[in-house]
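Let me begin by presenting the structure, written as structure tokens, before commenting on it.
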Amino acid sequence: HIPTAASREFSDYQSARGFIQKHPYPLVVKADGLAAGKGVYICHKQAEAEQALVDIFRANKFGEAGSKIIIEDFLKGEEASLLVLSDSKTYVPLASAQDHKAIFDGDKGPNTGGMGAYSPAPVITDEMMEKIDRKIWRPLFQGLKQEGIEYRGVLYAGLMIRDNEPMVLEFNVRFGDPEAQAILPRLRNDLSVVIEAVIAGNLDQINLDWSPEPTVCVVMASGGYPDVYDKGMLISGLEDIDDPGVTVFHAGTKIENGKTVTNGGRVLGVSAGGTNIQESVEKAYRAVEKINFPGKQYRKDIGQKALKRTE
Ligand code: GLY
């Protein structure tokens, strides 16, 4: 009974096609398996849903990950990501974050693995945290226990907050990327001590201590991402990042002949903390502008929703 969108599963093109001809729009088509964050199609009209089915079932775009799909109601609202640590007896939520999944500003264009994040997410108020605990975490951990699953580690819930109610979009059994690059810089505890407590089963003895300073992470991606992109582009300007409040996380990079070059779709995560969200946004973008590689792309509006909510 965890709140989520109404959905149906399909394993073949014909029955899925019959369903999308009758379902109201928008709707969401999801490849059931792992697709690096790209297996979700938000379809505003039937032609888009048909294309999604062709990509998945006919062109086999996601291989085995697309052998089963889910078609679900579209949930309108504001997204947030919540991560929780569990040692199988106790669970402890981490600070909230908000991802930016679409490639372009204003949440336009296809979905990516995530183009930027900030923590905390102002949409997750204390009251919402309590509601999420009651409606999601408690039944989830109770369900895991009933099934005899000892869950130790980090669990990620992608949420949509609609009419002040949390709905689950997805669970992942890992940290979020780029959410982790916005959440973890705010953690004042030694992360290795926290992880040891998860493994040893004494998470109840840990108090997480969070910096109140918001952190913003802007992802710098290769030109063409999330579709085809080139690799091996020379990255310059990394040595010019001297602000102690800024951390550059390497995602899709490698060293070639002593130089750092691009080696993936999402190349760098540039995180910055400041006394308020405005300052964090400015710091992160100052750093992003110093770093260059041919074809670089990044969203210019990371943090804007948080700014609007806190105004
Ligand atoms: N940023 C979304 C994820 O890590 O799944």
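The strands (runs of 3 or more DSSP E) falling completely within the range 70-155 that include 1 or more residues that are within 16 Å of the ligand (Cβ to nearest atom) and touching a strand residue (DSSP E or B) at 6+ places or on another chain (Cβ under 7 Å) map to 78-87, 102-104, 108-111, 116-119. Of the residues making up the range 278-301, those that are over 21 Å from the mean Cα position of the chain (by Cα) and among the hydrophobic types (A, V, I, L, M, F, W, C) are ALA287, ILE291, PHE293.
If you check ALA16, ALA31 for being within 18 Å of ALA59 (Cα to Cα), among the small types (Gly, Ala, Ser) and more than 16 Å from the ligand (Cβ to nearest atom), only one passes: ALA16. Please list, ordered by first then second residue, the pairs with beta carbon atoms under 8 Å, 6 or more apart or interchain, first in the range 171-199 and within 26 Å of GLY274 (Cα to Cα), second within 11 Å of the ligand (Cβ to nearest atom) and of a type in the set (D, E, K, R). If the second residue must be within 11 Å of the ligand (Cβ to nearest atom) and of a type in the set (D, E, K, R), the pairs left are GLY176/ASP99; ASP177/ARG266; PRO178/ASP99; PRO178/ARG266; GLU179/ASP99.
Is it true that some residue in the range 97-104 is of a type in the set (Asp, Glu), at pLDDT 95 or above and under 16 Å from the mean Cα position of the chain (by Cα)? Among the residues of the range 97-104, at least one is of a type in the set (Asp, Glu), at pLDDT 95 or above and under 16 Å from the mean Cα position of the chain (by Cα), which makes the answer yes.
Residues that are assigned to a strand (DSSP E or B) and either within 16 Å of the ligand (Cβ to nearest atom) or surrounded by fewer than 16 Cβ atoms within 10 Å (Cβ to Cβ) (or both) within the range 162-205 comprise ARG162, GLU165, VAL168, LEU169, GLU170, PHE171, ASN172, listed in sequence order. As for the range 253-261, it holds at least one residue that is within 18 Å of MET115 (Cα to Cα) and not aliphatic (A, V, I, L, M).
Of the residues that make up the range 82-93, is at least one crowded, with 20+ Cβ neighbours inside 10 Å and of a type in the set (D, E, K, R)? Yes: one or more hits. Of all residues in the range 56-75, those being surrounded by fewer than 15 Cβ atoms within 10 Å (Cβ to Cβ) and of a type in the set (Ser, Thr, Tyr) number 0.
Here the strands (runs of 3 or more DSSP E) wholly within the range 236-311 that include at least 1 residues being of a type in the set (Lys, Arg) and surrounded by fewer than 14 Cβ atoms within 10 Å (Cβ to Cβ) are 253-256, 259-262. Taken as a whole, the structure places PRO244 among residues that are at pLDDT below 95 and either farther than 25 Å from GLU79 by Cα or out of contact with any strand residue (DSSP E or B) (no Cβ under 6 Å at 6 or more places or on another chain) (or both). Residues in the range 277-311 that are in contact with a helix residue (DSSP H, G or I) (Cβ under 8 Å, 6 or more places away or on another chain), in contact (Cβ under 8 Å) with a residue 60 or more places away in the chain and at negative phi: ILE277, VAL281, ILE291, TYR298, ARG299, LYS300, ASP301, ILE302, ALA306, THR310. Beta carbons closer than 6 Å, at least 6 apart along the sequence or on distinct chains, pair a first residue in the range 2-21 that is over 11 Å from LYS68 (Cβ atoms) with a second that is assigned to a loop (DSSP other than H, G, I, E, B) for ALA5/LEU75. The residues in the range 206-230 that are at pLDDT 95 or above and within 16 Å of the ligand (Cβ to nearest atom) can be counted, and the count is 8. Contact map, the range 208-220: residues that are surrounded by 24 or more Cβ atoms within 10 Å (Cβ to Cβ) paired with residues that are basic (Lys, Arg), Cβ distance under 6 Å, separation 6+ or inter-chain. Pairs shown: THR215/ARG186; VAL219/ARG266; MET220/LYS296.
For LEU53, the criteria (1) away from the ligand (no atom under 14 Å from the Cβ); (2) of a type outside the set (S, T, N, Q); (3) in a strand (DSSP E or B) hold in every case but one, which is (3).
The values are calculated or read from the model by the stated rules, or taken from the named source; none is laboratory data. A quick note: this is a predicted structure, and the numbers were derived from the prediction, not measured. Positions of Cβ are backbone-derived with ideal geometry, glycine not excepted, and every protein chain shown enters the neighbour counts.
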